[in-house]
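Asks: Just dropping this structure here.
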Amino acid sequence: MHHLRTTVARLGPLAAAQTAQIAPQSQLLALEGGTRTFQPVRSLSATVAAEPFLNGTSSNYVEEMYYAWLEDPRNVHKSWDIFFRNANAGAPPGAAYQSPPPLSRPSDGTTGARALVGAQPNVEKLVKDHLAVQSLIRAYQVRGHHIAKLDPLGISCVDFDDAPCTVGLYGLTEGDLDKVFRLPASTFIGGNDSALPLREIIRRLEMAYCQHIGVEFMFINDLEQCQWIRQKFETPGIMQFSLEEKRTLLGRMIRSTRFEEFLQRKWSSEKRFGLEGCESLIPALKTIIDRSSQCGVESVILGMPHRGRLNVLANVIRKDLDQIFCQFDSKLEAADEGSGDVKYHLGMYHRRMNRVSDRYITLSLMANPSHLEAVDPVVQGKTKAEQFYSGDTEGKRVMSILLHGDAAFAGQGIVYETFHLSDLPSYTTHGTIHVVVNNQIGFTTDPRMARSSPYPTDVARVVNAPIFHVNADDPEAVMFVCNVAAEWRNTFHKDVVVDLVSYRRNGHNEMDEPMFTQPLMYKQIKKQKGVLQKFVEKLVAEGVVTTQHYKGEVARYDKICEDAFAHSKDEKILHIKHWLDSPWPGFFTLDGQPKTMSCPSTGIREDELCHIGNVAASVPVEDFMIHGGLSRILKGRTHMVSQRVCDWALGEYMAFGSLLKEGIHVRLSGQDVERGTFSHRHHVLHDQNVDKRICIPMNSISPDQAPYTVCNSSLSEYGVLGFELGFAMASPNALVLWEAQFGDFHNTAQCIIDQFISSGQAKWVRQNGIVLLLPHGMEGMGPEHSSARPERFLQMCNDDPDVFPVSLFTGDFAVHQLYDCNWIVANCSTPANYFHVLRRQILLPFRKPLIVFTPKSLLRHPEAKSSFDDMLPGTHFQRLIPDEGPVAVGPQNVKRVVFCAGKIYYDLIRERKSRGLEDAVAVVRIEQLSPFPFDLVKAEADRYQNADLVWCQEEHKNQGYYDYVKPRLRTTMNRTRPIWYAGREPAAAPATGNKHTHLTELQRLLDAAFDLDTSPRKL
């Protein structure tokens, strides 16, 4: 009785709570009966009222009997079975009851149904006891993890507020412990037995849900998935391993533990963010990979923070140990360009044979900055790309594994953003296995200060991902859970979380002192026996291995480490290229030779332009009803093609379409990109009469074209930009673009921009050709819809403002400049130049990120159109567009040259015309801001020797391009000519929200640019 009372008390007040979760009870019995569907007896109350033998019987009692019969006819007396069968079969009122032959005559002379009614109290208790047992089983399934022995330290601070209760909550007594109860179909604890004593039921539930594994899954609203998990954990004896499996597990634990101990002996004063306290992570990952490989997976992309990364590189990815050990040599010289990165940030790509499945598998560990979870969407994007290029539409051959720390998993919003992408059609990777290294601490912060939820993994519940908590000091439990996780992902292609509840034996790093802030925790940790030692003692006691065998395995691995250490001393040069996580074989060479530093013309034939333009104006699906307003837009495109001109949207269409025709995949992603935020793009057409019927004309350009992917994203910048960055990593032969709804919205993705895009090549020698489209322009729309913050991108450019670089290069100056820069920043003022810069991304012999400040009002500006002549073969992207108007005829008479970028050009030429200064003022557009076109700017300045030089921008002086162009213009002029500024005054906000103020500011800067009698402010 004490055991039963303890069990119920530990589980808490569950009877009402569990009934509430599954109410009404009739639905529970019908649902969990498996084969029986709840169909109420028609007019049950009328049927009952018409039966004479039921006079005086409560309707509640009859309903209880009916529900018990629905669960299993054997739960009720034979007479009730006959009654309910007849009633269900449609027997008329008064004819449903048939008296079965009595087995014995009651002493009081009653017979048949009267005897049954007389026995009502005993039958009612039987039904209630079965319902109580079923509620108890469900309580274990829902909340058994609350009392599981998950914490190796035994000091878990997780508090579930389980209030004490009595056995009376379920109506069970000590005498019920040895009673046999039928088991519902919602449990597998019986194995081959359909009924068990209550004492054995409780024991089996305790073994399934309350030992070293805690399972959270009952929030999943899919019966098949819940039953699958129940079977995996409840089936008696299911967690059994062969002797060979246990020995393999021991070998992996030895490697994981001794690797950390070796590093500690050799480099005791170096940071390495070791795995001590969670050494079972290595066999966990290897188990997942083994089982996934057996299920057909050929490629696994991993992302993880720095804790345990060196161990994962060594013992999971199988990086050569000497390559890892040489990283600790402070005298190691860098052979590659760029800054490089610390050893626990680097990635790796390796294809090897998996000995468990006897199949080759490719493992890629992505390089990651210290921004812990920032790599999550990048991994997902790369996984999606590999699935796309290999035709793996169900994720059966390519998968991802993400490792997390407990504090970061709970605390960083990018985790939720990444989960949120997991089931979206254009972003799903068909299931990710998440492994949380749960240290139960974040640097020096206790969990109670770091999260508001009981578990760090609660964020995963938003996508109904099952969560398997496991005591990391039980390697066999870890191995079992990881096998289940891999099988879950292979079966349902949904996310799953493995929470390795462990501890951190050292501080945040090996130099840190954790006793300052967690004295009691670390007193316990110092007493804690290592997991390898405990596991060995268990296996020796079971006779699986001998002590001599264990010592021999340890000595063998130690010798491997020592030999690698000796060999690592021969390494004098660090080759970062050995640490690439996304190699592009064959891309950088042509016929075995390095590609030349040149770029062919980015123009195309006129017939191609016309064909693509006509497709852009068509609806290539029969009986497809489009919106009337869209019909006018498509007719406008037809008219432009006939006039041999294009606007911004059509220029983009021609760039995309021509690349698709050449076999280049194009992927455009972001918020509302299918239509375009400004209703200009319309790449996806919607049938006005048929729901979800769409048409993408871009995919009808050529029979053998590459596919075009255009997809509206979730309202996430951080997650989606990271995803697209990862997608672009997978292959250089694709144009991958992310468009912000408004340019300034990129600021919530700043981490991806700072840590991966601007510096990725310098740190990890990893090129990337991703394109960011950022709508930008001062149009009186307020401070949150005006500026894409060009100053931030330009400040991170690596070109030297004080060096005129022309003499540094031979050959194609522009291409050499691009090769040396970390990214390209452009603000195109014509559709043709936008067309060229997009095509140049693919035709260059290398890849660099491209930042384009795209327009808003110019999308429909009558002057912002380009002739087909500017897009024909022989044409190129123009880094600078000179003034070819009247000023070009008599440059010696020009009084002022105004340099500008972007939309302000159209304001300037309108103002110049209104003032009649078309012969006196030249307006020159700098289209590529970085790398800065020193050579072309100098040519323009030299062309107008007698003119003042002015930089004009519509942005405020402390924003936009001013701080970037100022020193570069000075260097171009060799500081021999003054350069003046015309623009808005410094301000804290990017733009005004008042239309009148906006126009006043605009007129003021135009006055400064064109008042030839007053010099603007000097740069």
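Asks: Which condition from (1) within 26 Å of residue 730 (Cα to Cα); (2) among the charged types (D, E, K, R); (3) at pLDDT below 95 is the one that residue 860 breaks?
Replies: If we test residue 860 against (1) within 26 Å of residue 730 (Cα to Cα); (2) among the charged types (D, E, K, R); (3) at pLDDT below 95, just (1) comes out false.
Asks: A further question follows. Quick test of your reading of the structure: residue 307 fulfils all but one of (1) within 28 Å of the chain's Cα centre (by Cα); (2) in a helix (DSSP H, G or I). Name the failing condition by number.
Replies: (2)
Asks: Exactly one condition in (1) part of a loop (DSSP other than H, G, I, E, B); (2) within 21 Å of residue 146 (Cα to Cα); (3) of a type in the set (A, V, I, L, M, F, W, C) is not met by residue 207; state its number.
Replies: (1)
Asks: If you don't mind, there's one more thing I want to ask. Any idea which of (1) surrounded by 18 or more Cβ atoms within 10 Å (Cβ to Cβ); (2) under 40 Å from the mean Cα position of the chain (by Cα); (3) not in a strand (DSSP E or B) is the one residue 172 doesn't satisfy?
Replies: Checking residue 172 against (1) surrounded by 18 or more Cβ atoms within 10 Å (Cβ to Cβ); (2) under 40 Å from the mean Cα position of the chain (by Cα); (3) not in a strand (DSSP E or B), the one that fails is (2).
Asks: Check 530, 592, 543 and return the single one that is under 39 Å from the mean Cα position of the chain (by Cα) and on the phi > 0 side of the Ramachandran plot. Lay out the reasoning, then the answer.
Replies: On the way: 530 fails: on the phi > 0 side of the Ramachandran plot; 543 fails: under 39 Å from the mean Cα position of the chain (by Cα).
On inspection, the qualifying residue turns out to be 592.
Yes/no matrix, rows are residues, columns are (1) of a type outside the set (Asp, Glu); (2) more than 20 Å from residue 930 (Cβ to Cβ); (3) surrounded by fewer than 20 Cβ atoms within 10 Å (Cβ to Cβ); (4) in contact with a strand residue (DSSP E or B) (Cβ under 9 Å, 6 or more places away or on another chain):
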site: 712; (1), (2), (3), (4): yes, yes, yes, yes
site: 722; (1), (2), (3), (4): yes, yes, no, no
site: 736; (1), (2), (3), (4): yes, yes, no, yes
site: 743; (1), (2), (3), (4): yes, no, no, yes
site: 747; (1), (2), (3), (4): yes, no, yes, no
site: 750; (1), (2), (3), (4): yes, no, yes, no
site: 803; (1), (2), (3), (4): yes, no, yes, no
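Asks: Residue pairs, Cβ under 6 Å, 6 or more apart or interchain, first in the range 852-875 and among the charged types (D, E, K, R), second in a helix (DSSP H, G or I). List them.
Replies: What qualifies is 863/906; 870/832.
Asks: Of the residues that sit in the range 436-451 and are over 24 Å from the mean Cα position of the chain (by Cα) and free of Cβ contacts under 8 Å to residues at least 40 places away in the same chain, which one is nearest to residue 308 (Cα to Cα)?
Replies: This residue is 445.
Asks: Got at least one residue in the range 558-577 being part of a helix (DSSP H, G or I), of a type outside the set (Phe, Trp, Tyr) and within 26 Å of residue 397 (Cα to Cα)? Break it down into steps so the answer makes sense when it comes.
Replies: First, pick out the residues of the range 558-577 that are part of a helix (DSSP H, G or I): 558-568, 576-577.
Subsequent filtering for residues that are of a type outside the set (Phe, Trp, Tyr) retains 558-564, 566-568, 576-577.
Next, from what is left, pick out any that are within 26 Å of residue 397 (Cα to Cα): none.
Checking the range 558-577: not a single residue is part of a helix (DSSP H, G or I), of a type outside the set (Phe, Trp, Tyr) and within 26 Å of residue 397 (Cα to Cα).
Asks: I'd like to check which helices (runs of 4 or more DSSP H) are fully inside the range 688-803 and have at least 3 residues that are more than 18 Å from the chain's Cα centre (by Cα) and at pLDDT 95 or above.
Replies: Details: elements: 718-730, 760-764, 790-795.
Once the helices (runs of 4 or more DSSP H) in the range 688-803 are filtered for at least 3 residues that are more than 18 Å from the chain's Cα centre (by Cα) and at pLDDT 95 or above, what remains is 790-795.
Asks: Just to be sure before I move on: is residue 491 among the β-branched types (Val, Ile, Thr) and over 30 Å from the mean Cα position of the chain (by Cα) in the structure I sent? Step through it out loud before you land on a result.
Replies: Numbers: among the β-branched types (Val, Ile, Thr): yes; over 30 Å from the mean Cα position of the chain (by Cα): no.
Against the criterion (among the β-branched types (Val, Ile, Thr) and over 30 Å from the mean Cα position of the chain (by Cα)), residue 491 does not qualify.
Asks: Against the conditions (1) small (Gly, Ala, Ser); (2) outside any loop (DSSP other than H, G, I, E, B); (3) at positive phi, where does residue 811 fall short? Just the number, please.
Replies: In the conditions (1) small (Gly, Ala, Ser); (2) outside any loop (DSSP other than H, G, I, E, B); (3) at positive phi, residue 811 misses (2) alone.
Asks: Tell me, yes or no, whether the range 630-646 has at least one residue that is in contact (Cβ under 8 Å) with a residue 12 or more places away in the chain and closer than 15 Å to residue 838 by Cβ.
Replies: Yes; the residues of the range 630-646 include at least one that is in contact (Cβ under 8 Å) with a residue 12 or more places away in the chain and closer than 15 Å to residue 838 by Cβ.
Asks: List every residue pair whose Cβ atoms lie under 9 Å apart, where the two residues are 6 or more positions apart in sequence or sit on different chains, the first residue falls within the range 260-277 and is free of Cβ contacts under 8 Å to residues at least 40 places away in the same chain and outside the structural domain of residue 324 (by TED's automatic domain parsing), and the second residue, located anywhere, is among the small types (Gly, Ala, Ser) and surrounded by 23 or more Cβ atoms within 10 Å (Cβ to Cβ).
Replies: From residues that are free of Cβ contacts under 8 Å to residues at least 40 places away in the same chain and outside the structural domain of residue 324 (by TED's automatic domain parsing), there are no pairs.
Asks: Here's something else I'd like to know. Which residues, counting only those in the range 937-956, are in contact with a helix residue (DSSP H, G or I) (Cβ under 9 Å, 6 or more places away or on another chain), of a type outside the set (D, E, K, R) and farther than 22 Å from residue 789 by Cα?
Replies: In the first step, residues of the range 937-956 are kept if they are in contact with a helix residue (DSSP H, G or I) (Cβ under 9 Å, 6 or more places away or on another chain); the result is 937-938, 941, 943-947, 949-956.
Keeping just the survivors that are of a type outside the set (D, E, K, R) gives 937, 941, 944-947, 949-953, 956.
Once the filter is applied, which keeps residues that are in contact with a helix residue (DSSP H, G or I) (Cβ under 9 Å, 6 or more places away or on another chain), of a type outside the set (D, E, K, R) and farther than 22 Å from residue 789 by Cα, the range 937-956 yields 937, 941, 944, 945, 946, 947, 949.
Let's see how each residue does on (1) within 28 Å of residue 188 (Cα to Cα); (2) surrounded by fewer than 15 Cβ atoms within 10 Å (Cβ to Cβ); (3) out of contact with any Asp or Glu (no Cβ under 7 Å at 6 or more places or on another chain); (4) not aromatic (Phe, Trp, Tyr):
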| residue | (1), (2), (3), (4) |
| --- | --- |
| 241 | yes, no, no, no |
| 244 | yes, yes, yes, yes |
| 252 | no, no, yes, yes |
| 275 | no, no, no, yes |
| 280 | no, no, yes, yes |
| 286 | no, no, yes, yes |
| 290 | yes, no, yes, yes |
| 297 | no, no, yes, yes |
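Asks: Can you list residue pairs whose Cβ atoms sit under 8 Å apart, with the first residue in the range 788-804 being in the same structural domain as residue 955 (by TED's automatic domain parsing) and the second being modelled with pLDDT under 95 and in a loop (DSSP other than H, G, I, E, B)? Count only pairs 6 or more apart in sequence or on different chains.
Replies: Short answer, once both residue conditions are applied: none.
The values are calculated or read from the model by the stated rules, or taken from the named source; none is laboratory data. Just so it is clear, the model here is predicted, and its values are computed rather than measured. Using ideal geometry, Cβ is built from the backbone for each residue, glycine included, and neighbour counts are taken over all protein chains shown.
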